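The block underneath contains the structure these notes are about, expressed in structure tokens.
Throughout, read-outs are computed from the coordinates displayed, never taken from laboratory work. Nothing here was measured: the structure is a model prediction, and the numbers come from that model. Backbone-built Cβ (ideal geometry, glycine too); neighbour counts: all protein chains shown.
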């Protein structure tokens with residue numbers, strides 16, 4: 001203890017130089033609380049936890065000790081004025097804390113001070129040295145670094161002499177600080193005049209945490225607020241908290257920042273042509289939102305997503321706030337998706353819960369627990385807009401932001417569906433779009449007396465994607481995206497598309513027909529030209545024969561001029577033409 | 001006090017008949033003014049009321065700090081009547097004899 005004290009004194013001398021930066025903190029280990037406290041409680045100083053009956057003071061204090069012992073190896077003392085050690089052990093056993101084991105391991109001493117039971121006769125001056133010796137002895141026995149005093153105000157009721165008690169409390173807190181013990185002092189919430197009923201805050205001025213349990217709209221909410229934290233930054237809002245099966249949970253539950261890792265692995269949405277539009281699928285670990293009006297096919301698209309994840313062998317959690325697991329399986333079977341087999345293989349888990357069953361914080365916690373227990377790599381939440389039945393718009397949005405954060409920090413690929421109120425407005429009532437990586441809007445387009453389903457990618461971070469509206473149809477073998485038909489008035493869907501397809505077919509047929517005609521025309525022309533060539537050749541040959549004859553005649557006439565008698569006596573031409581050769585070599 | 005009708009008084013009377021010795025334990029811490037006063041006051045009252053029938057055990061918690069928890073002590077000085085049963089406790093420096101006699105349920109002579 002002396003070394004602790006020296007340490008403490010060294011710290012305080014440093015504190016004088018840099019008062020704002022040197023506050024050393026002790027992590028409570030309580031889910032979410034350390035984030036609000038920017039690290040934890042002030043080390044070596046007492047903190048007052050103040051609240052009405054049944055708001056969780058004792059539990060918070062006990063968890064501070066148990067987590068300190070288990071997670072940080074810091075032994076702790078619990079001075080109980082209200083509940084016996086057995087009662088305390090039984091109360092926190094349901095939250096997973098085994099006090100007996102911690103006590104056996106020398107990490108915890110629960111000391112029940114029975115002063116509150118029965119009247120104590122007093123005569124003459126007294127002090128609380130007995131209590132101090134008792135605490136000091138326990139602290140020394142296990143080298144305690146943390147201490148809880150729950151609830152010291154019981155002394156006021158038991159010992160009557162308020163002046164002496166106040167004097168002694170002052171001494172106690174000075175002593176606690178000297179010992180360098182990080183302490184939680186619990187106190188009943190007072191009336192309007194003070195924070196605690198007996199003004200304990202006068203002694204414990206470093207850090208004051210208020211717990212509150214109130215009922216609004218027939219729903220109970222517990223809230224925590226850090227009233228003051230001397231010399232340290234802290235969250236100043238009221239934070240909802242709940243007492244879960246594994247202890248105290250203050251929201252926000254995780255310290256996040258924006259440090260999630262970004263995967264470049266693409267995964268399929270379960271619909272090949274949608275993947276193509278997203279240039280290969282969505283990123284692993286990203287958040288996808290499918291928004292759409294009633295009946296636009298959100299659940300079917302979500303089921304495709306879940307099915308695809310199971311096909312990849314990924315554990316998938318499907319949380320439905322509208323339909324039971326059996327309903328979803330039956331409905332998806334009708335469009336050719338067999339989800340049951342994945343469930344039987346333990347790859348898929350469908351959890352259905354009524355949104356109104358739990359408060360928003362409890363929903364978040366319930367999901368967090370499920371994530372821990374089932375450890376899925378893909379999750380479908382259908383639909384997130386159901387939470388609007390539980391909380392206001394801003395509460396719901398804030399809860400969903402935390403939900404998306406939690407999923408991202410765990411690297412879970414998430415698909416959310418959201419109901420939009422009308423066809424014209426594709427914005428959801430809950431503002432989550434800023435946290436969503438890929439947003440697909442499903443909508444019903446009304447034209448030509450029918451409603452047709454279309455899909456479009458509203459945004460998709462970090463990938464090229466088609467900006468075109470695409471019609472999709474739900475068949476008994478699942479969802480299929482159709483070719484986009486663009487008409488003068490935009491993308492054509494339904495019968496307008498079918499008409500366009502028919503027109504295209506006719507046009508094509510007509511084109512084929514026209515070409516055939518031209519081919520025949522040329523065929524005919526070629527034929528007639530050949531005929532003409534043959535005729536001309538025949539003509540030429542005939543002319544040639546005539547020419548030969550003329551030549552022969554000319555030669556005869558010239559010869560008779562020189563020796564008319566001799567030639568005529570021979571009776572035959574001297575150089576007869578060779579008509580057979582001529583006939584075989586026509587000009588070409 | 002002649003409060004004979006309460007069951008505790010009866011019990012203590014019966015106990016007295018069996019064993020005449022009063023066993024008293026006084027918890028103190030060091031030689032403080034309060035400690036010394038309490039010891040002196042207790043001795044005086046016992047001599048006056050229980051001469052020869054009592055035994056006082058002084059427990060200095062500064063020497064045996066572990067006893068504070070074991071015997072469930074908060075305030076000092078604390079006087080505990082161990083015998084006759086049941087246990088009785090009085091805190092303070094025992095400045096009022098009347099209150100001590102009342103608290104220990106000693107039947108005045």
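A few remarks follow.
- Relative exposure of A:178, A:86, judged by other C-beta atoms within 10 Å (fewest first): A:86, A:178
- Computing FRET efficiency as 1/(1 + (r/R0)^6) for residue A:504 and residue A:333, where r is the C-beta to C-beta distance and R0 is 35 Å, gives about 0.45.
- Per-bin percent of Cα-Cα distances, region A:52-157 [5 Å]: 2, 12, 22, 24, 18, 11, 6, 3, 1, 0
- Radius of gyration and maximum dimension Dmax of region A:136-180, Cα, Å: 12.1, 33
- Measuring nothing but how far apart in sequence close Cα pairs (under 8 Å, 6+ apart) lie, relative to its length, region A:266-490 scores a relative contact order of 28 percent.
- Kirkwood Rh and Cα Rg combined as Rg/Rh, region A:293-367: 0.99
- Ellipsoid equivalent to region A:266-490 - semi-axes via the Cα gyration tensor, in Å: 26, 20, 17
- Residues A:168, B:63, A:333 in ascending order of nearby Cβ atoms (within 10 Å, fewest first): B:63, A:333, A:168.
- For region A:118-207, alpha-carbon Rg over 2.2 N^0.38 Å: 1.12
- Fewest-first ranking of A:173, A:374, using other Cβ atoms within 10 Å as the exposure measure: A:374, A:173
- R0 of 30 Å, Cβ-Cβ distance residue A:433-residue A:483: FRET efficiency to nearest 0.05: 0.55
- Length gained when the stretch residue A:536-residue A:266 is fully extended (0.36 nm per residue, less Cα-Cα span): 89.7 nm
- Viscosity 1.567 mPa s, temperature 4 °C, Stokes-Einstein D of region B:7-104 from Kirkwood C-alpha radius, µm²/s: 94 µm²/s
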